[in-house]
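What follows draws every value from the coordinates through simple rules; no lab data is involved. Quantities reported herein were computed from a predicted structural model and do not represent experimental measurements. Cβ coordinates were reconstructed from backbone atoms using ideal geometry, including for glycine residues, and neighbour counts include every protein chain displayed.
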Amino acid sequence: MTTQDKSKNNLLDPYASSRETTEGTVFSVTGGDWDSLVSEIGESKEERIIVNMGPQHPSTHGVLRLVLELEGETVTEVRTGIGYLHTGIEKNIEFRNWTQAVTFATRMDYLSPIFNETAYCLAVEKLLGITNDIPERASVIRVLMMELNRISSHMVALGTGALELGAMAPMFFAFRDREIVLDTFEEITGLRMNMAYVRPGGVSQDLPAGMNIKLREVVKSLRKNFNDNAQLLIGNTIWMKRTEGIGYLDLAGCTALGITGPVLRSAGLPWDLRKMQPYCGYENYEFDVITADTADVYGRFLVRMAELEQSLRIIEQAIDKLDKLEGQPVMVADKKIAWPAQLALGADGLGNSLDHIREIMGTSMESLIHHFKLVTEGFRVPAGQVYASVESPRGELAAHVVSDGGTRPYRVHFREPSFNNLQSTSAMSEGGMVADIIGAVASIDPVMGGVDR
Amino acid sequence: MSEEQTGMFGAIGTGDTSGYGGLVRTAAATGSTERPFGGYFDQVADDLERAYPDFSDAITRVVVDRGELTLHIKKSRLVEVAQILRDKLLFEMCMGVSGIHYPERTGAELVAVYPLLSMTKNQRIRLEVATSDLDPHIPSVVNVWAGNNWHERETFDMFGIIFDGHPGLTRILMPDDWDGHPQRKDYPLGGISVEYKGATTPAPSNRRSYQ
């Protein structure tokens, strides 16, 4: 390429100018410059401008790109660009065995890992036909973990949502409470996020000793803490001016666009899979489905705030159940599926229990073969397809899992609520002010890890 | 997928020394399920037959498996059936579309699966449409369920199924100029170098430090 060509090329692509170095061509990829945009607008006679918002904009909830067409401060068109966080999780899962897939699924929507795991595991269990064989203690622990996770996820939604609209303090309170939940997760699973705790057949390990007492304290302090944000925001004039009547999407709009979760409930329909199509024994818990009738950002905020208390109610009932189920198994009895079979906490961390190691290495050749085959190859799942859904903090999270009878999933597709709900950005924002897009997107609460997978 | 197999780890003959013979491997059924289907599925089938006289022609198979109803539909009839399912049988929500690639099924390699939800009746069913790899066209249902817009774009992106009538069928997760459709079974996992703005980043396995 001649120098002439290169300078021409640079003119063609102002965002990726190149220069030669001894190591080869170096490209500098940059975004647009605000000053040059403003001067361009000053020169043109047209009112209409097109602005790229994101993918690195701090108010877009991660790497979301919005292409806005503005007339003055009014938004005439919003186009949404996604895919910046696409990691091929669904493809990767096809190359791992049924148990390992949990480790991938948990990383999709990184704010609600337990829901990802549970949706996938419920689907695998349905394929295996062992849905009714899951021990009750495992189901109760799943419910407990899901509701704790709902709190931590809603806390991020509330905290970052408020932060994006200019309110700093709610974020501090929200992240303080989220930290309490994450510490609890760490104590139970060993990890704060991406735990791969829920496994096909049950959960990977039982709660540590004395956890019930700690959980009750957690519930107590969370209940007290929730008041801080409630007092800060509910009825706050500035907050209401930024949220009331903003991002309006009524029931008809929600239905047409397949919207579920708090956005749908803010339009007045009490649709909650935990009540309507119970799984993991949700029919045995007392809780209310929260709705609002305003179908706006404020309504969604109120729904999420009230759902926190409902989650605490479920957690309390779950702890009571766990008290009664002390010592019961947390993994399906079928040793052909329960993997890894025997875990215990040793001096060097969590691993196979010493008793189990002694048995497979010292006494039983068959046990060793069993262990080896199960861990390296995994179990087979009868051919067929199923669809299993759970109510995640963002709506219906479902796993469509196809098996060809082998030890690896043939196809796993996740119906991600963030992905689906993000489609409503245009419907919520067009015709409004540019500043209100932030509120509308925050009220959808999209998690880009889940959107792009 | 069609052959019957037993044993957990694919052991043939007496290779199974570990007692792993318990799980019988069942092949996916290829025929239709006989009535009664059980639950509300009979009601759904009756209602659809009444509302849609061409039922027997449009729907090639009705499968009930693991408590879920799947209607296999000829692709030319998909939109008609979808419209009736939405308006008459009140399946007001479509939870997206998921693709499946079966390279060994000649003439029906690409499959699109639509999970439907009726919130009014609290019911779920599933539609399945198959098409050939040589003619990867399936009519779009975006005019029936607007929320399927992005889902169809994703399935196009991942499987190359072209949804005819979609308002703007472009890639959604992969870059616009990407070659191939990653979720197809003949597409490798990794090992692909990435080109962006003229610069090429080799796949990890081809980087100098790994060779």
Pair B:Arg50, A:Leu269: separation of 7 Å Cα→Cβ label points (nm)
2.3
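Starting from region A:280-332, pick out the GluC sites (Glu not before Pro) whose DSSP state is loop and whose Cβ has at most 14 other Cβ atoms within 10 Å. Spell out each step's value before the answer.
Details: sites: A:Glu283, A:Glu286, A:Glu307, A:Glu309, A:Glu316, A:Glu326; in loops: A:Glu286, A:Glu326.
In loop regions of region A:280-332 (DSSP not H, G, I, E or B), the sparsely surrounded GluC sites (Glu not before Pro) are A:Glu286, A:Glu326.
Note down the net charge around A:Val375, summing +1 for each Lys or Arg and -1 for each Asp or Glu among other residues with Cβ under 14 Å from its Cβ. Walk me through the numbers on the way to the answer.
Numbers: positive: A:Arg96, A:Arg199, A:Lys335, A:Lys336, A:Lys373; negative: A:Glu377.
Residues near A:Val375 contribute +4 overall.
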Simple spin-label model, 7 Å along Cα-to-Cβ: B:Lys75 to A:Ile50 in nm?
3.2
Taking r as the C-beta separation of A:Phe27 and A:Lys241 and R0 as 56 Å, the FRET efficiency to the nearest 0.05 is 0.80
Just how far, in whole angstrom, is region B:163-193 from region A:266-305 if you go by their alpha carbon centroids?
36
Between the alpha-carbon centers of region A:186-233 and region A:413-451, tell me the distance in whole angstrom.
28
Provide the FRET efficiency to the nearest 0.05 for the A:Glu286-A:Phe95 pair, computing r from the beta carbons and using R0 = 45 Å.
0.55
Treating region B:31-210 as a set of equal point scatterers at the Cα positions, no solvent, please give the Debye-formula log₁₀ I(q)/I(0) at q = 0.12 Å⁻¹.
-0.62
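Pull out a ≥ b ≥ c, the square roots of the eigenvalues of the alpha-carbon gyration tensor of region A:218-276, then state rounded if a/c is under 1.5, prolate if not and a/b is larger than b/c, and oblate in the remaining case.
Numbers: a/c = 4.05, a/b = 1.35, b/c = 3.00.
Taking the square roots of the gyration eigenvalues as a ≥ b ≥ c, region A:218-276 is oblate.
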Could you tell me which of rounded, prolate or oblate describes region B:158-202, using a ≥ b ≥ c as the square roots of the eigenvalues of the alpha-carbon gyration tensor, with rounded for a/c under 1.5 and, failing that, prolate when a/b is larger than b/c and oblate otherwise?
oblate
Around A:Leu68 (Cβ within 13 Å, Cβ-to-Cβ, excluding A:Leu68; K/R +1, D/E -1) the net charge comes to -3
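How much net charge surrounds A:Gly166 when only other residues with a Cβ under 15 Å from its Cβ are counted (Lys, Arg +1; Asp, Glu -1)? It would help to have the intermediate numbers written out before the result.
Details: positive: A:Lys241, A:Arg242; negative: A:Glu164, A:Asp436.
In short, 0.
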Please go through the residue pairs A:Lys214/A:Lys324; A:Lys91/B:Lys185; A:Lys214/A:Lys321; A:Lys91/A:Lys336 and name each one whose alpha carbons sit more than 18 Å apart in this structure.
A:Lys91/A:Lys336
Checked the protein assembly as shown with the C-alpha gyration tensor, a ≥ b ≥ c its square-rooted eigenvalues, rounded below a/c of 1.5, otherwise prolate if a/b is larger than b/c and oblate if not; verdict rounded
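Return the FRET efficiency for the residue pair A:Met365, A:Gln328: r is the Cβ-Cβ distance, R0 is 35 Å, and the value is rounded to the nearest 0.05. Provide the component values of the computation, followed by the final result.
On the way: r = 31 Å, r/R0 = 0.87.
In this case the efficiency is close to 0.70.
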Once label points are set 7 Å from the Cα along Cα→Cβ at both A:Glu186 and A:Asp133, what is their separation, rounded to one decimal in nm?
3.7
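Run through the DSSP bridge list for region B:31-210 and note the antiparallel percent, rounded to the nearest 5.
80
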